[in-house]
Amino acid sequence: MKLSLTKQAHKELESLDAKQFRQVLLTVMGLMKNPEPHDSAQLKGAKRGERRVDIGEYRIIYVADRDVVNVLVIGKRNDDEVYDIWKRQQ
């Protein structure tokens, strides 16, 4: 599978400190091997099959097609802004 990051996801990933960067990056890379891990869930109102997965303090919203994992949003897990950004992207 290939990996695609939105501008927002790329910017957020770059802003993380080293420990959080590693955690989030390993999770994102793991999605390429298994796009539906046991701790992921499909989002309500998802038009393209968007899913979310939590890692530490962060939440990743993504959609997996046959050969591409598109990471749409990366943000704080306890912050509804992640969902606001996702809704604006639809």
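A few notes on this one:
- Residues of segment 74-89 that turn out to be among the β-branched types (V, I, T) and more than 11 Å from the chain's Cα centre (by Cα), as a count: 1
- Taken over segment 8-63, the residue count meeting the criterion of being in contact with a strand residue (DSSP E or B) (Cβ under 9 Å, 6 or more places away or on another chain), among the aromatic types (F, W, Y) and farther than 17 Å from R88 by Cα is 1.
Where a number appears in this text, it was derived from the coordinates with a stated rule and is not lab data. What you see is a predicted model; the values in this text were computed from it and never measured. We place every Cβ from the backbone using ideal geometry, glycine too, and count neighbours over all the protein chains shown.
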